[in-house]
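Visitor: Okay, here's the structure, questions in a sec.
The values are calculated or read from the model by the stated rules, or taken from the named source; none is laboratory data. This one's a predicted model, so the numbers in the text were calculated from it and none came from an experiment. No Cβ is skipped: glycine too gets one built from the backbone with ideal geometry, and neighbour counts run over all protein chains shown.
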Amino acid sequence: MLDKFSRAVVSADSKTACIGGAELADLKGFIAEGNKRLDAVNSVASNASCAVSDAIAGMICENTGLIQAGGNCYPNRRMAACLRDGEIVLRYVTYALLAGDASVLEDRCLNGLKETYAALGVPLQSTARAVGIMKAIAVAHINQTNTEAMAGARYTKNDQPQGDCSALTAEAASYFDRVVSALS
């Protein structure tokens, strides 16, 4: 598991060179944007339970056979496993966003995920759809496009990242895309 700093060290070491130039500028930018990154992670993580339940509900609305007898979200224990797995995926995406590196997501979450789900009979297309919905929710939280009017009573007010968050939303979106890609 690496973060932005250890990734720079590994890269410089493989070239037998010191960290400098572009790598140093990249690390300086990472530090300068630290509070924004922390606010983004906090915004996503503090709404994780709601995001996961909304994503699973959206997935089920699009494929109601999942909750009928014989479906992959029936009975309750399978639904609980689906919600648990959604929270695990979202947690590792927030870890990757915090570290600025996808290695924790790849190593601890995605390594063997497709094969495990295939062996358990989990529908990969539905799972990928739920991850896509979580992506939209996380991006809305980071971009501050989630509002009390849209969310209703479930809205949680957080310290929103200040300034331009386009790089952070693109980074977060890329982590969700990695999950979808791993399931394909």
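Visitor: Starting from residues that are modelled with pLDDT of 95 or more and over 20 Å from Ala40 (Cβ atoms), keep the ones in segment 124-154 and report whichever is surrounded by the most Cβ atoms within 10 Å (Cβ to Cβ).
Guide: Restricting to residues being modelled with pLDDT of 95 or more and over 20 Å from Ala40 (Cβ atoms), the top hit is Ala130.
Visitor: Please determine, by comparing only the residues of segment 12-28 that are part of a helix (DSSP H, G or I) and exposed (fewer than 13 other Cβ atoms within 10 Å of the Cβ), which one is modelled with the lowest pLDDT.
Guide: Ranking the qualifying residues of segment 12-28, first place goes to Ala22.
Visitor: Name every residue in segment 1-11 that is loosely packed, with under 15 Cβ neighbours inside 10 Å and either among the hydroxyl-bearing types (Ser, Thr, Tyr) or in a loop (DSSP other than H, G, I, E, B) (or both), in order of residue number.
Guide: Met1, Ser6, Ser11
Visitor: Please work out which residue is surrounded by the fewest Cβ atoms within 10 Å (Cβ to Cβ), limiting yourself to segment 175-184 and to residues that are part of a helix (DSSP H, G or I) and in contact (Cβ under 8 Å) with a residue 12 or more places away in the chain.
Guide: Asp177
Visitor: Among the residues of segment 118-135, count how many are small (Gly, Ala, Ser) and under 10 Å from the mean Cα position of the chain (by Cα).
Guide: Within segment 118-135, residues that are small (Gly, Ala, Ser) and under 10 Å from the mean Cα position of the chain (by Cα) number 1.
Visitor: Would you pick out the residues in segment 9-57 that are among the β-branched types (Val, Ile, Thr) and either under 29 Å from Ile88 (Cα atoms) or in contact with a Gly (Cβ under 8 Å, 6 or more places away or on another chain) (or both)?
Guide: Correct list: Val9, Val10, Ile31, Val41, Val44, Val52, Ile56.
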